[in-house]
Every structure is written in C-alpha cells, then in structure tokens.
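Below is one structure, written out as structure tokens; the observations come after it.
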Amino acid sequence: MNVLLVAQRYHPYVGGVETQTRLVMNELAKRDHVEVAAAQFDDVDLPKRLGVLEDSLFLPSATGFDDGDVTVHALTPSLMDRLRMLPIATRAIPRLGRYKYHALRRFGYPFFRRVYEERFRQLMKDVDVVHSIAGGYLGWTAQHMAQQLDIPFVVTPYVHPGQHGDDPDSVAYYRRSDAVLALLETDQEMLVNLGVARDRIHLYGVVPLLPPTSDGSEFRRQHDLGDRPVVLFVGRMVEYKGVKAMEEAAPIVWKRNPDVQFVFVGPVSDDAKERLSSTDPRLHVLGFVSKQEKADAYAACDIFCMPSKFEILPAVYLEAWSYGKPVIGGPAHGLDALIEGNDGGIVVDQTATSVAEGISFVLDHPDRSKQMGENGRMLVQNKFSVDSLVDKLEAVYQSVQNAPSTWNQDQSRNAISV
C-alpha cells in the first residue's frame, strides 16, 4: 500500500502530535510505502499579529529528507509562490482580521490552492490513500486534489473546542473525508455533535513515547532531589498547560509539606522562564531534555501534574502511567473521561488553590495514589501500543479503498467555496 501523509508540521518540529505521528509513520513504513508532505519543520518566531500567516506566506524554507524508511517532502514555497499568495496578507490587517477572520480565510484559500495543487498532483501519483493531520489551507488543498484524483482521503482532526478546529469550514472538511480518526471516545462524541457521521469515525488512540529503560534514582541524584516528594510537569511551558497555576500552587503545597519538589521539563517560553526564575531551590526548571532524561524524570516522580485547559494529544499522561504514576489533569476536553473515567488520577481546575489541593490529596493518600498509578499502567498496557495503532490505521486505509468514495455519494457536502 502506498500512503501519503500530509502534515502542517513534522519532525524535527518539537511537539506531541509531531512526535507521535513520526513514531507511527516509521512503524507503518515497515509494512507499507510511506511518504510525508509537510510544510514546517521548525518553530517560527513572528509578531502575534502576523501569526495567521505562519502557515502560508511565512512558511520557513526547508528541504526534504529521508527519515529512516520514510521519505519526507518539504512544501516550501518559492519567492514567486509567496508573491502569488500575497493577497492572503489581508488576514493580518488589524481589526479587519479580528472581526472577519473566517471570511478572510476563505478569501485567501484560492491563492494558496493555486500554488500547491500541482505539487500535490505530483506527490499523489501512485498513492493509494492520502491521510492528513493538517487543517486549514494545507489540509483543504490536499483533500481537493485527492478527490480530483479519486484517491481515498482520511483525516485526523486535532480540535481545541472553542479555540480552533470546530468552526464551520473545518467541520465541512471533516465531513467531506472518507474516514475520520478520533483519538479518544470523547473526541468521537465531539465530532458526532459537530455533524460528522458516526459510521465514518474510527477510534484511533495515542501511544506513549518512551525509551526501553529508565533510572529514577540517577535522576534524583543528578538533581539533588533525595527522597523528597517530586511533582513533575512535562510539556511546553505555556500558560494554557497550567505552568503558571502550578507555580502559584507551590507555596500553598509547601505550607503543608515543605519538602515537595517541583520539576518542570519541556521547551520554555520567555514569560515562563521569567516567572520560574526563582531562588527557591524546590523549583527545578530543566527545559528541554533528552528522551532518556525525560523517561528518568517519569520514573523518579511521585505525581505527574499538567492541569491543561486545552490538550490535543494527551500522550504525556499515558507516559506517566507507563511508570505507574498517578496523574493530575486539568479542564481540557476529554481529560476527565480519560483520567477519572479510568481511575488513573484526578482532574482539577486551573487555579492555584485547586491544583494545590489536588497535589496534597494525592500525597496524603499513598495507597490510593499507588492504585491510581497501577490502574493507569494497566490501561496503557491493554489499550495503547504502537502496533495497535498501526493495525488500526491499516484497517482504516483498507476500508476506504474498498468502499465507494463519499465524495461521489454525497454531493451536498460541497467544497469550501472559492
């Protein structure tokens, strides 16, 4: 089977979705021929008002490469391509861009599509299935060309309810796809509520991203943690993931248990670095670390805590469960069902008081804490693995190849107007 994956961002871009996707694609490539077409491989530092142009006019230059058995194509626009897409810049006009966001996005789409449709036509030669984890212009264009060439199209939506991915154009994009992959049961229900046919949605899942061994004792020795309780955060240190709430919760926790150590692992934003630059030795801001040191941190901690408001891919909770650790999640969509629904931890509000109470509860109930961690470990072992995800992917790919195209079945699901 020949598979083309379309991604807005791909390795070496650092992110949970990108890392997860690379792992699965490399494993799939052991069974099938896999190529990736991606637009971005590194972060782009743009002024906030120009952020809407990151996926078009300001795509960074890159070249393709071979990633093991996977061929990766870079969708870098040329200077002439950028000039042809120049009308998209209207999206960044102050006030107009804010109040006419969706109208301006639709206005810009034809200029993007005309640049990329021929490139996709070439990439899709001899392809059996196109699978997109991209939304917006890139995903829409890939879908348009796949349907023009009568190639089955599969999409994995990454939705932040109320933030992005649940607008009418995005929902129409999902509904035009031959199959839609949902990471969790809560995502499946959300997609159904948005109007995607239930029989078109396939549960997919996520998988922990871990090396084969870990050494918690060495991590504790290296960072002078001793045998004191350790609360671990792993992820990008941005406010919506709960870093600020954890920082503000620490003094409250210390009133009851002054020995608790807080360890923060992951890329650090400038404001987080400034806030977390503390003289208190109980705050350990490690920043980006190797996969091995991250695994050692999981093994060393007593609690994993990331009280996130928005979470697309909750792999870090599964990673912590792999080491039998209880987890504390936040109000992000689906976390209550994943965490409390499987009795693997607790969910708190993203406030200092709520986070502190959650941490103190887990620390004060060691037997309950141990059981929650063990429940999480069993869930990961029984339900989430790379082989399981690849098996599901292949089954979905086979099903859309054997079924009539939904594009032809349902002409009422019109393309995004241009």
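Some notes on this structure:
- Qualifying residues in the range 45-72 (those that are closer than 22 Å to Glu117 by Cβ and over 21 Å from the mean Cα position of the chain (by Cα)) - the one surrounded by the most Cβ atoms within 10 Å (Cβ to Cβ): Leu57
- When Leu286 is tested against the conditions (1) in contact with a Leu (Cβ under 8 Å, 6 or more places away or on another chain); (2) under 25 Å from Gly324 (Cβ atoms), the lone failure is (1).
- Residues that are under 21 Å from the mean Cα position of the chain (by Cα) and not small (Gly, Ala, Ser) were ranked within the range 350-380; the one that is farthest from Val34 (Cα to Cα) is Gln350.
- The residue list Gln163, Gln122, Gln188, Gln143 contains one member that is in contact with a Leu (Cβ under 7 Å, 6 or more places away or on another chain) and polar (S, T, N, Q), which is Gln188.
- Candidate set from the range 78-136 (those that are of a type in the set (Asp, Glu) and free of Cβ contacts under 8 Å to residues at least 60 places away in the same chain); member that is surrounded by the fewest Cβ atoms within 10 Å (Cβ to Cβ): Glu118
- The range 315-353 - residue that is in contact with a Leu (Cβ under 8 Å, 6 or more places away or on another chain) and of a type in the set (Gly, Ala, Ser) and, of those, surrounded by the fewest Cβ atoms within 10 Å (Cβ to Cβ): Ala337
- Answer from Val180, Val231, Val192 - the residue that is surrounded by fewer than 20 Cβ atoms within 10 Å (Cβ to Cβ), of a type in the set (Val, Ile, Thr) and not in a loop (DSSP other than H, G, I, E, B): Val192
- Some residue of the range 275-294 being under 19 Å from the mean Cα position of the chain (by Cα) and crowded, with 17+ Cβ neighbours inside 10 Å: yes
- Of all residues in the range 363-378, those being hydrophobic (A, V, I, L, M, F, W, C) and without any contact (Cβ under 8 Å) to a residue 60 or more places away in the chain number 2.
- Glu293 satisfies every condition listed in (1) assigned to a loop (DSSP other than H, G, I, E, B); (2) within 24 Å of Gly324 (Cβ to Cβ); (3) of a type in the set (Asp, Glu) except (1).
- Residue within the range 37-56 that is under 21 Å from Leu181 (Cα atoms) and of a type outside the set (Ser, Thr, Tyr) present: yes
- Remark: Asp169 matches the filter, which requires a residue to be of a type in the set (Asp, Glu) and over 18 Å from Val6 (Cα atoms).
- Pairs are defined by a Cβ separation below 6 Å, a sequence spacing of at least 6 or placement on different chains, a first member in the range 203-224 that is within 21 Å of Arg22 (Cβ to Cβ) and in contact (Cβ under 8 Å) with a residue 24 or more places away in the chain, and a second member that is of a type in the set (A, V, I, L, M) and assigned to a loop (DSSP other than H, G, I, E, B); the pairs so defined are Tyr204/Leu183; Val206/Leu183; Val206/Leu313.
- Only one of the numbered conditions (1) crowded, with 19+ Cβ neighbours inside 10 Å; (2) part of a helix (DSSP H, G or I); (3) without any contact (Cβ under 8 Å) to a residue 60 or more places away in the chain is not met by Ala356, and that is (3).
- Test: residue in the range 310-326 that is among the aliphatic types (A, V, I, L, M) and more than 21 Å from the chain's Cα centre (by Cα): no
- Top-ranked residue in the range 1-15 [being touching an Asp or Glu at 6+ places or on another chain (Cβ under 9 Å) and among the aliphatic types (A, V, I, L, M); ranked as modelled with the lowest pLDDT]: Val14
- Residue among Asp169, Asp187 that is crowded, with 16+ Cβ neighbours inside 10 Å, in a helix (DSSP H, G or I) and not hydroxyl-bearing (Ser, Thr, Tyr): Asp187
- Answer from Val17, Val36 - the residue that is assigned by TED's automatic domain parsing to the domain that holds Val390, assigned to a strand (DSSP E or B) and either among the β-branched types (Val, Ile, Thr) or closer than 27 Å to Tyr204 by Cα (or both): Val36
The values are calculated or read from the model by the stated rules, or taken from the named source; none is laboratory data. Predicted, not measured: the structure shown is a model, and the values here were computed from it. Don't worry about glycine lacking a Cβ; one is built from the backbone with ideal geometry, like all the others, and counts go over all protein chains shown.
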